[in-house]
Amino acid sequence: MGARRTSGTGRAGRGRAALGGLFVVMALVAGACSSSSSSSAGGGTTAATASQTPVDGGSIVIGVTTETGGWNPHYTPPAESASFILSSMLEPLATTGEDLSAQPFLATAWVANDTFDRWTVTLRQDVTFQNGEKFDAAAAKGSIDDGINGAVSGQAVKGLFKGVSVVDDHTLLIELTQPWAAFPNSFLDSQIPVMMAPASLAQPDHGTTHPIGTGPFVFDSWEPGTSIKVKKNPSYWQTGQPHLDRIEFKVIPDGASRSAALQTGDLNMMLTTNPKDATSLDGQYQVIKAWKTEPEMIATNTTPKLGDKTNPLANVHARKALAYATDRHAVAALVGEGVDSPTSPFSPDSPWGRPEDQNGYPEHDVDKARSEVAAYLQDTGESSLHVTLTCSGDVDTTRIAQLVQGQWQEAGITVDIEPVEASALIGRLITGNYEASILQIYNAPDPDQLHYFWSAATISGYGGININLTQYSNPQMEAAIEVGRVSGDTAKRKAAYDQVVDQLNSAATNIWLYWNPFSLVADNNIHGLEGARAVPFPYSNPKTWFGELWKG
């Protein structure tokens, strides 16, 4: 059987940021009904240029929104900020290029057989782990096996792997149970195969509290909920990197406090989803926008029964009533100026997206919403359409929920808002114990990384574990996501994912609200941010540009 080459050897590119494996089963909602935000095009001022000579030394402090329960993503689902922090210490086999395709990093090449179910992966030969252990095929196999079997990551790749074997010191053979042409983008370029030292994985907690990787910075200390500090890796494999001696990541959940800390000099850089920060600080600071990488939406649960209770949203007319009743542009305007509204999981700027008006999503129409309510009543014999909308109880999300509540009530829908504490909400969502919920889960550079949110295989019903949160599937969508996974033809994959969007929107499983306006704001003396500009940084896939940062 012939070999199919899908990547050549070469020096790793810089940018990297992406949601790497929707394996983040519960992180799928770690941000779930979190802070407000929205959408707009990305750009931003550029104070530093790649042509400047880096200066070594110094330290910086970066403000982030959330943290995690641990630093091995196979066992503790990392939220967006946590995956950002993790990237300073742990590195992937592949990184994301500017075209959003997988590019060589710790793996220098990967070759598939003709049926895409056997992949030969070649590894770099000049890398050691931060503790001095050798990075070789045996160590890489250990990390991949840990990911395949991890309590969190294993849910996303369950049943896909026959096995991983060592061919020689720097070559792995990965055998799959089915064709997987999207394997480099969907797996190698994800958080599942981040490389962790054998000594780290041998710890009782698999390195959750003290990760050891190949990255430019070494774990130093961690004060949960407050701060994590990393220090320079003196034996880092990329010559001349890292430039900084230290980075401290400070956890500041409140957006106003985080912005104030930047302006008083307590921070050198921050992540934010507040569009006002991006506009008011632009000019004084470097602002890198990624305002169309992750849509905020209302997921609807389509399972017929919620325990002993009939679920109204199992009826398509009820879901369509919500879609027509929702004025998504008004919601986006509430979030902030310049915020746009999506009609798809994929940005129109992405290789996988279409213009928003070509996705077949219902526009706001109160009369049509009322007609759908009437159709629901006729179908079910119910006297009213009564929906419970769950979300986190923070101020911003509550404002959005109340606006949506008013819009739905105008169409004759009775609405209860149910605020739920974030950790409890995760459990409610994955066990199917909700009717409708505000959340965000779609932020991957390759659509196959979203496969788990759409597959019938990840539906377990009420009380089970459902990565497919809406529990919606049909034969047409199953066929489309399978084409997207197994086909090596980009045009066929694009057509397949267009069908997925059409199916989601015709069934009104996702009520679209707004694009989250992620921004990275930094002092003008912070350099080396070209990678963050090249590839949208909100993706939860590892970012490979921390070693390039310098202060001058």
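Descriptive notes on the structure:
- Subset of segment 497-535 [in contact with a strand residue (DSSP E or B) (Cβ under 8 Å, 6 or more places away or on another chain), closer than 30 Å to Ser59 by Cα and of a type in the set (A, V, I, L, M, F, W, C)]: Phe518, Leu520, Val521, Ala522, Ile526, Leu529, Ala532, Val535
One line per residue, one yes/no per condition, for (1) more than 13 Å from Asn72 (Cα to Cα); (2) in the same structural domain as Thr68 (by TED's automatic domain parsing); (3) at pLDDT 95 or above; (4) touching an Asp or Glu at 6+ places or on another chain (Cβ under 9 Å):
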{"site": "Val152", "(1), (2), (3), (4)": "no, yes, no, no"}
{"site": "Thr177", "(1), (2), (3), (4)": "yes, yes, yes, yes"}
{"site": "Ala181", "(1), (2), (3), (4)": "yes, yes, yes, yes"}
{"site": "Pro224", "(1), (2), (3), (4)": "yes, yes, no, yes"}
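- Test for Asp327: is it touching a residue at least 12 places away in the same chain (Cβ under 8 Å), surrounded by fewer than 16 Cβ atoms within 10 Å (Cβ to Cβ) and of a type in the set (Asp, Glu): no
- Scanning segment 366-393 for residues that are of a type in the set (Gly, Ala, Ser), modelled with pLDDT of 95 or more, within 20 Å of Ile417 (Cβ to Cβ) and not in a helix (DSSP H, G or I) gives a single hit, Ser384.
- Top-ranked residue of segment 135-157 - restricted to ones that are touching a residue at least 60 places away in the same chain (Cβ under 8 Å) and part of a loop (DSSP other than H, G, I, E, B), ranked as surrounded by the fewest Cβ atoms within 10 Å (Cβ to Cβ): Ala151
- The single condition among (1) modelled with pLDDT under 95; (2) surrounded by fewer than 24 Cβ atoms within 10 Å (Cβ to Cβ) that Pro542 does not satisfy is (2).
- Residue match in segment 210-222 (condition: assigned to a strand (DSSP E or B), hydroxyl-bearing (Ser, Thr, Tyr) and surrounded by fewer than 17 Cβ atoms within 10 Å (Cβ to Cβ)): yes
- Counting only helices (runs of 4 or more DSSP H) wholly contained in segment 394-501, the ones carrying 3 or more residues that are surrounded by fewer than 20 Cβ atoms within 10 Å (Cβ to Cβ) and touching a Leu at 6+ places or on another chain (Cβ under 8 Å) occupy 395-410.
- Qualifying residue in segment 51-65 (condition: assigned by TED's automatic domain parsing to the domain that holds Met196 and touching a Gly at 6+ places or on another chain (Cβ under 6 Å)): yes
- Residue in segment 508-530 that is on the phi < 0 side of the Ramachandran plot, of a type in the set (Gly, Ala, Ser) and part of a helix (DSSP H, G or I) present: no
- The residues of segment 44-75 that are modelled with pLDDT under 80, surrounded by 18 or more Cβ atoms within 10 Å (Cβ to Cβ) and β-branched (Val, Ile, Thr) amount to a single one, Thr68.
- Residue check for Leu86: crowded, with 20+ Cβ neighbours inside 10 Å and at pLDDT 65 or above: yes
- Residues located in segment 95-120, provided they are within 19 Å of Thr490 (Cα to Cα) and of a type in the set (A, V, I, L, M): Leu100, Ala102, Val111, Ala112
- Top-ranked residue of segment 105-134 - restricted to ones that are more than 22 Å from Asn185 (Cα to Cα) and either at pLDDT below 95 or in contact with a strand residue (DSSP E or B) (Cβ under 7 Å, 6 or more places away or on another chain) (or both), ranked as surrounded by the most Cβ atoms within 10 Å (Cβ to Cβ): Gln130
- Among the conditions (1) of a type in the set (Ser, Thr, Tyr); (2) in a loop (DSSP other than H, G, I, E, B); (3) in contact with a Pro (Cβ under 6 Å, 6 or more places away or on another chain), the only one that Ser344 does not satisfy is (3).
- Checked against (1) crowded, with 16+ Cβ neighbours inside 10 Å; (2) in contact with an Asp or Glu (Cβ under 7 Å, 6 or more places away or on another chain); (3) among the aliphatic types (A, V, I, L, M), Leu385 passes all but a single condition, namely (2).
- Scope segment 91-130; condition within 24 Å of Tyr539 (Cβ to Cβ), assigned to a loop (DSSP other than H, G, I, E, B) and in contact with a helix residue (DSSP H, G or I) (Cβ under 9 Å, 6 or more places away or on another chain); matching residues: Pro92, Leu93, Gly97, Glu98, Leu100, Ser101, Phe105, Leu106, Phe116
So that you can scan it fast, the table gives a plain yes or no per residue for (1) among the hydroxyl-bearing types (Ser, Thr, Tyr); (2) within 24 Å of Ala401 (Cα to Cα); (3) not assigned by TED's automatic domain parsing to the domain that holds Asp396:
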{"residue": "Gln284", "(1), (2), (3)": "no, no, yes"}
{"residue": "Thr300", "(1), (2), (3)": "yes, yes, no"}
{"residue": "Thr310", "(1), (2), (3)": "yes, yes, no"}
{"residue": "Leu334", "(1), (2), (3)": "no, yes, no"}
{"residue": "Pro351", "(1), (2), (3)": "no, no, no"}
{"residue": "Glu356", "(1), (2), (3)": "no, yes, no"}
{"residue": "Asp365", "(1), (2), (3)": "no, yes, no"}
{"residue": "Ala369", "(1), (2), (3)": "no, yes, no"}
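- Only strands (runs of 3 or more DSSP E) whose full extent lies in segment 233-313 are considered here, and the ones with at least 3 residues that are over 30 Å from Pro345 (Cβ atoms) are 246-251.
- Residue under evaluation Tyr324, criteria (1) within 20 Å of Thr458 (Cβ to Cβ); (2) in a helix (DSSP H, G or I), criterion not met: (1)
- Boolean, Leu188 is closer than 30 Å to Ala491 by Cβ and surrounded by fewer than 19 Cβ atoms within 10 Å (Cβ to Cβ): no
- Flag for Lys229 being more than 14 Å from Leu549 (Cα to Cα) and under 23 Å from the mean Cα position of the chain (by Cα): no
The values are calculated or read from the model by the stated rules, or taken from the named source; none is laboratory data. Treat the numbers as computed from the prediction; the structure is a model and nothing was measured. Positions of Cβ are backbone-derived with ideal geometry, glycine not excepted, and every protein chain shown enters the neighbour counts.
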